[in-house]
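Quick notes on the structure that follows.
The values are calculated or read from the model by the stated rules, or taken from the named source; none is laboratory data. On a predicted model such as this, the values are computed, not experimentally measured, just so you know. Ideal geometry is used to build each Cβ from the backbone, glycine not excepted, and the neighbour counts take in all protein chains shown.
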Amino acid sequence: TMQIGWAHFPNQSDEIEKILNTADEYLKRESKPFALVMSKKNVESYNLQSSKEKYSFHSDFKQEEKFNVPYNQRHTRNEALKIVNKVTGKGTAIIATTGYTGREMYEVEDRENQLYMVGSMGCALPLGYGVAITKPKLKIYVIDGDGALLMRTGTMATVGAHQPENLIHILLDNEVHESTGGQGTVSGGVSFSTIAKGFGYKHTFSSDKINEFEEAINLASSKSGPSFIHFKIKKGASKNLGRPVITPVQVKERLIKYLNKY
């Protein structure tokens, strides 16, 4: 029903490489998951060895929030995305979170270096992190939302631990789940920049002023990351906001082709 390819995990060590190659070929051919089903007592017990990799703390807690603009006077997501579009170009890739963010990013300008998440709430940062560690020559910009980030905050810990220098994590925070009806989030009482610091991001910025937002992106782009930018916005999508004409599969394949240049 789910159209997931699968096979039994072998109980002989000399068969493992063969089944892994089969799975790899399926992934590349079908672009779908492949499951290896392991039976009980299929493998012998093994005592875990301690990892040699040690994670050190990379930051401090000196954090100042800069939010002074009344909610209704804040800038819109569309205005923020136009700034992102303005300061990014060749040598960058942009992963836009689900909901209105991806749709408005497409509306601002559709480019080959952009991916618009469809569903997969909270998965923009995991995907962006994966791209960042495999394509270190590119600057990777993840555009997140408050509801999505609250759903998968733990990925920030992974980013802080592994320190991808080319990752810039941008949070556009309107304090609501806008595309599902405007239900409120709890982000109004959360200091995301302090959390980012605690998780080990090297640089954090927070503001509700559009000129400072642009300055923060430019500054983060010039530094070795990971960097985190928290920008407070108000709710409100573009009038008559449409959906991308290009299909999600086409967006994916286009981005893969672009990434393979680097």
Is it the case that Ile210 is buried (at least 17 other Cβ atoms within 10 Å of the Cβ), over 19 Å from the mean Cα position of the chain (by Cα) and either at pLDDT 95 or above or at positive phi (or both)? yes
For residues that are part of a helix (DSSP H, G or I) and either under 20 Å from Glu104 (Cα atoms) or not charged (D, E, K, R) (or both), tally how many sit in the range 239-262. 10
The range 129-154, subset of a type in the set (Val, Ile, Thr) and outside any strand (DSSP E or B), residue surrounded by the most Cβ atoms within 10 Å (Cβ to Cβ): Val131
Filter pass, Glu109 being within 25 Å of Ser222 (Cα to Cα), outside the structural domain of Pro244 (by TED's automatic domain parsing), among the acidic types (Asp, Glu) and surrounded by fewer than 16 Cβ atoms within 10 Å (Cβ to Cβ): no
Any idea which of Ile133, Ile140, Ile83 is under 24 Å from Asp208 (Cβ atoms) and either β-branched (Val, Ile, Thr) or touching a Ser or Thr at 6+ places or on another chain (Cβ under 7 Å) (or both)? Ile83
Answer residue from the range 70-128, given it is part of a helix (DSSP H, G or I) and among the aromatic types (Phe, Trp, Tyr) and is farthest from Thr247 (Cα to Cα) among those: Tyr71
Take Thr97 and tell me if it is closer than 21 Å to Gly236 by Cα, surrounded by 15 or more Cβ atoms within 10 Å (Cβ to Cβ), among the polar types (S, T, N, Q) and assigned by TED's automatic domain parsing to the domain that holds Gly200. yes
Can you list residue pairs whose Cβ atoms sit under 6 Å apart, with the first residue in the range 144-160 being in the same structural domain as Thr185 (by TED's automatic domain parsing) and charged (D, E, K, R) and the second being buried (at least 24 other Cβ atoms within 10 Å of the Cβ) and assigned to a loop (DSSP other than H, G, I, E, B)? Count only pairs 6 or more apart in sequence or on different chains. Asp144/Thr97
Could you go through the range 76-83 and let me know if any residue there is polar (S, T, N, Q) and within 22 Å of Ser206 (Cβ to Cβ). yes
I need the full set of residues from the range 207-225 which are assigned to a loop (DSSP other than H, G, I, E, B) and over 24 Å from Gly188 (Cα atoms), in order please. Lys223, Ser224, Gly225
Out of Leu171, Leu255, I need the residue that is touching a strand residue (DSSP E or B) at 6+ places or on another chain (Cβ under 8 Å), farther than 27 Å from Lys66 by Cβ and touching a residue at least 12 places away in the same chain (Cβ under 8 Å). Which one? Leu255
